[in-house]
1. If I stretch the segment between residue 102 and residue 77 completely, what's the gain in nm (0.36 nm per residue apart, minus their alpha carbon distance), one decimal?
2. Inverting the mean 1/r over all pairs of different Cα atoms, compute the Kirkwood radius of region 62-157 and quote it in Å.
3. Provide the FRET efficiency to the nearest 0.05 for the residue 148-residue 124 pair, computing r from the beta carbons and using R0 = 25 Å.
4. Taking Cα atoms, how many degrees apart are the long axis of helix 77-99 and the longest axis of the chain, rounded to 10 and kept between 0 and 90?
5. Please compute the length gained on full extension between residue 161 and residue 134, using 0.36 nm multiplied by the number of residues separating them and subtracting their Cα-Cα distance.
6. Of all alpha-carbon pairs in the chain, indicate the percentage at a distance above 28 angstrom.
7. Could you tell me how far the Cα centroid of region 117-168 sits from the Cα centroid of region 56-111, in Å?
8. How big is Rg to Rh over region 27-113, alpha-carbon atoms, Rh as the Kirkwood inverse-mean-distance radius?
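Each value in this text was obtained by applying a stated rule to the coordinates, not by laboratory testing. Just so it is clear, the structure is predicted and the values come from calculations on it, not from any experiment. Here the Cβ positions follow ideal geometry from the backbone for every residue, glycine too, while neighbour counts run over all protein chains shown.
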């Protein structure tokens, strides 16, 4: 049975609002690590969870709209470009990893690392130099750590939502 457009809009609104709120929280409370560009990636918790519970077709709009909203609200044209590149590469890498039956932790780590690769690629193009690649190992380490943390949070959330038989497939 096909669900109503109102329920579909409500679920998308809820997921986008939650991911945007996590982006805002992260904007207010940056990580005190002293490494430019390193963020925890809290909003990716929503994307990873949606990818596992709803599938790629339904998780993708959540990721894109959240990136656009956060970029417009908290950044500038360059930060939006970096976020889109990192976010889209991250999403498609996570999708591929999800299809290989990788755990939410592994998927999140792959997403965190690939997000930084996408951002470095855009930075190299914008700055017209490959020298920025020297910063990649630092960002890869950060992506590994933050991806691991987000994955460790996402795994029990996904398990509990599945166990609770919460009907998220209303889209």
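1. Details: separation 25, 0.36 × 25 = 9.00 nm, distance 3.41 nm.
Length difference between fully extended and current span is 5.6 nm.
2. Working: mean 1/r = 0.0730 Å⁻¹.
After inverting the mean inverse Cα-Cα distance, the result is 13.7 Å.
3. Working: r = 26 Å, r/R0 = 1.04.
Taking R0 as 25 Å, the efficiency between residue 148 and residue 124 is 0.45.
4. Taking Cα atoms only, the helix is inclined about 50 degrees.
5. 5.6 nm
6. Values: 2959 of 14535 pairs.
Percent of Cα pairs beyond 28 Å in the chain: 20.
7. For region 56-111 versus region 117-168, the Cα centre distance is 8 Å.
8. Details: Rg = 13.0 Å, Rh = 13.4 Å.
Using only Cα positions, Rg/Rh for region 27-113 is 0.97.
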